[in-house]
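Encoded as structure tokens, the structure appears first; notes follow it.
A short reminder: the numbers here are calculations on the coordinates, not readings from a lab. Owing to the predicted nature of the structure, the values given are computational and were not obtained by experimental measurement. Backbone-built Cβ (ideal geometry, glycine too); neighbour counts: all protein chains shown.
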Amino acid sequence: MIKRKSLIVHFRTPKAVKLIENISPVIYYNKKRRYAICYVNEQEQEAKTNELRAIKLVKRVEESLVITDEYQIDFDVK
């Protein structure tokens, strides 16, 4: 089973969503409150977080506190 983490990305302008989409798929974004939600694999979380922080239009990146067991991918199905 691949563990996935939810990241909340706060951005300055909605143009940043296109740049965020290049790094990680955006599941949801709110233009008015200026944040996006992305899911990344647990092994890639550190690297993806650093890549997202390197974008100038991104204010901050934080890990979501919601437990995301229903979003886990299970490849051990028989």
For labels at residue 60 and residue 13 in the simple 7 Å Cα→Cβ model, what's the distance in nm?
2.3
If R₀ is 22 angstrom, what is the calculated FRET efficiency for the pair residue 46 and residue 22, using the beta carbon separation as r and rounding to 0.05?
0.75
